[in-house]
1. For the condition surrounded by 11 or more Cβ atoms within 10 Å (Cβ to Cβ), more than 22 Å from ARG14 (Cβ to Cβ) and polar (S, T, N, Q), what is the one hit in SER33, SER48?
2. Output the number of residues of the stretch 5-20 satisfying the condition of being among the small types (Gly, Ala, Ser) and under 8 Å from the mean Cα position of the chain (by Cα).
3. Kindly indicate the residue of the stretch 8-37 that is in contact (Cβ under 8 Å) with a residue 12 or more places away in the chain and touching a helix residue (DSSP H, G or I) at 6+ places or on another chain (Cβ under 9 Å) and also farthest from ILE58 (Cα to Cα) among those meeting that condition.
4. List every residue pair whose Cβ atoms lie under 6 Å apart, where the two residues are 6 or more positions apart in sequence or sit on different chains, the first residue falls within the stretch 45-62 and is of a type in the set (Val, Ile, Thr), and the second residue, located anywhere, is surrounded by fewer than 10 Cβ atoms within 10 Å (Cβ to Cβ).
5. Give just the number: which of (1) at pLDDT 95 or above; (2) surrounded by fewer than 10 Cβ atoms within 10 Å (Cβ to Cβ) does CYS64 not satisfy?
Amino acid sequence: MFEQAGPILVCCPRMDWEWGDLVGFGAKGCQRSTSQSVNIFTVLPQASGRVIAGMSEIRFCPWCGEEIEIRRLK
């Protein structure tokens, strides 16, 4: 399992604004995740009325283009 160990450093004001809502580490709402990536979160409505939470790994900031570097602590 992986978890955010401290405060994040962001590359631009927009990334800071969207962090935790549209963009975040691992899976949204999961403090400990098996995902080691920074992801964009999506919501996929289904015909049944339910929604499926989705996530897509990103390696560069969608707003300023800066490469995303994840530092891992052991």
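The values are calculated or read from the model by the stated rules, or taken from the named source; none is laboratory data. It should be emphasised that the depicted structure is a prediction, and the values quoted were computed from it without experimental measurement. Every residue, glycine as well, gets a Cβ built from its backbone with ideal geometry; the counts of neighbours run over all protein chains shown.
1. On the way: SER48 fails: surrounded by 11 or more Cβ atoms within 10 Å (Cβ to Cβ).
Among SER33, SER48, only SER33 is surrounded by 11 or more Cβ atoms within 10 Å (Cβ to Cβ), more than 22 Å from ARG14 (Cβ to Cβ) and polar (S, T, N, Q).
2. Within the stretch 5-20, the first condition is being among the small types (Gly, Ala, Ser), and the residues that meet it are 5-6, 20.
If we keep only those that are under 8 Å from the mean Cα position of the chain (by Cα) too, we end up with 20.
Within the stretch 5-20, residues that are among the small types (Gly, Ala, Ser) and under 8 Å from the mean Cα position of the chain (by Cα) number 1.
3. Step by step, filter the stretch 8-37, then rank; the result is ILE8.
4. From residues that are of a type in the set (Val, Ile, Thr), the pairs are VAL51/VAL43; VAL51/PRO45; ILE52/LEU44.
5. (2)
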